[in-house]
Amino acid sequence: MKVGFLGPIGSFTYTASLTAFPQADLVPVESITDLIKAYENMLVDYAVVPVENSIEGSVHQTVDYLFHQGNITAVAELVLPIKQQLMASGLDKDIERVYSHPQALAQSKKFLDENYPHAALEITESTAYAARYVAENPDDNIAAIAPSLSAETYGLDIIANDIQEIEDNNTRFWVLGTKVPNLTLTSKEKKVSIALTLADNQPGALYQALKIFAERKLDLTKIESRPLKTVLGEYFFLLDFLDNGSDLSSIFSDIEANGTTVKLFGTYEVYYL
Ligand SMILES: O=C(O)C(=O)C[C@]1(C(=O)O)C=C[C@@H](O)C=C1
């Protein structure tokens with residue numbers, strides 16, 4: 001079985017994938033978009049993609065792609081604790097540039113502002129990619145923000161530990177697939193994720209949709225708006241709720257009765273790693 005992850009080895013997505021699929025053939029892919037495309041093109045059986053971080057919010061590349069392209073379903077959710085480390089080739093570097101994934105740079109912004117206010121921030125497709133790049137250029141005054149596994153993998157020294165803004169930092173990953181995977185992990189809860197697109201300019205449309213969740217006593221765990229990318233001021237809404245066994249098609253037809261469109265991302269067990 002092939003499981004695609006945001007590579008290279010040492011990224012947070014790698015750890016999430018390895019923990020959930022210890023026996024699988026793990027396939028590194030260079031960007032989140034290419035990873036989802038690899039899944040769509042059936043180059044892998046599952047793809048593990050980051051969807052949301054507790055400090056920085058949704059991973060836009062993932063949620064926007066899943067909303068705008070095709071019908072790709074999440075069949076499991078993995079929640080991984082995230083600890084960011086600052087690393088370089090040697091401990092005595094005068095750091096001029098810091099490389100990482102935008103989510104990791106944002107999670108560590110407070111530390112960087114306080115300790116490296118003049119360092120330029122450089123974006124990479126993943127934290128592990130940043131670590132590998134820093135290791136490949138040992139003479140440059142550069143550092144990476146990445147997991148400790150990346151420091152081990154690429155032979156870098158950790159300059160500062162746990163630099164994320166808030167100690168309790170977690171990222172949700174979705175396992176994209178067609179079949180529910182048989183994981184040897186214990187699930188804590190079951191959730192449903194959907195996107196709503198409201199009828200144009202209809203006063204109370206969002207209220208009408210949300211009312212259905214209140215009436216049916218469905219526990220919403222997330223609501224967020226994202227631009228539809230059509231014109232300024234048009235949005236879709238991402239909603240997650242706990243699956244309490246209610247019939248989803250009857251919930252969705254109630255919502256759609258008011259002209260709102262429902263897109264189902266998936267119904268999935270949530271595993272805390
Ligand atoms: O760059 C990585 O290591 C990833 O796995 C990506 C990613 C993300 O996209 O949010 C995953 C977890 C962390 O929040 C930071 C980066």
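Please treat every number below as a calculation from the coordinates, not as lab data. Every value quoted in this text rests on a predicted model; they were computed, and no experiment measured them. Note: ideal-geometry Cβ built from the backbone for every residue, glycine included; neighbour counts use all protein chains shown.
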- Message: How big is the dipole moment of the range 95-220 about its Cα centre under a simple scheme where the beta carbon of each Lys and Arg is +1, that of each Asp and Glu is -1, and everything else is neutral? Debye, nearest 20, please.
- Response: 1060 debye
- One would report the antiparallel percent of DSSP beta bridges in the range 85-160, rounded to the nearest 5, as 45 percent
- Restricted to the range 1-127, the DSSP antiparallel beta bridge percent, nearest 5, is 15 percent
- Tell me, what does the Kirkwood hydrodynamic radius of the chain come to in angstroms if you use every pair of distinct C-alpha atoms? 19.8 Å
- For LYS179, the lysines lying under 21 Å Cα to Cα, once residues fewer than eight places off in the same chain are dropped, come out as LYS2, LYS37, LYS188, LYS190, LYS191, LYS263
- Task: State which helices in the chain qualify, where a helix is a whole DSSP H run, it must extend 30 Å or more along its own axis by its Cα atoms, and its mean Kyte-Doolittle hydropathy must be at least -1.0.
- Result: none
- In Hz, Karplus ³J(HN,Hα) per residue of the range 48-55 (6.51, -1.76, 1.60; θ = phi - 60°; x = Gly, Pro): 9, 10, x, 10, 7, 10, 5, 8
- Task: Write down the percent of antiparallel bridges among all DSSP beta bridges whose residues are both part of the chain, to the nearest 5.
- Result: 70 percent
- Whole-number percent relative contact order across the range 187-272, with pairs defined as alpha carbons under 8 Å at least 6 apart: 51 percent
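Sort the following peptides by mean Cβ neighbour count (other Cβ atoms within 10 Å, averaged over residues), highest first: 163-174, 234-245, 219-230, 143-154. Show your work: numbers first, answer last.
On the way: 163-174: 18.5, 234-245: 16.7, 219-230: 13.1, 143-154: 23.7.
Answer by packing, highest mean first, reads 143-154, 163-174, 234-245, 219-230.
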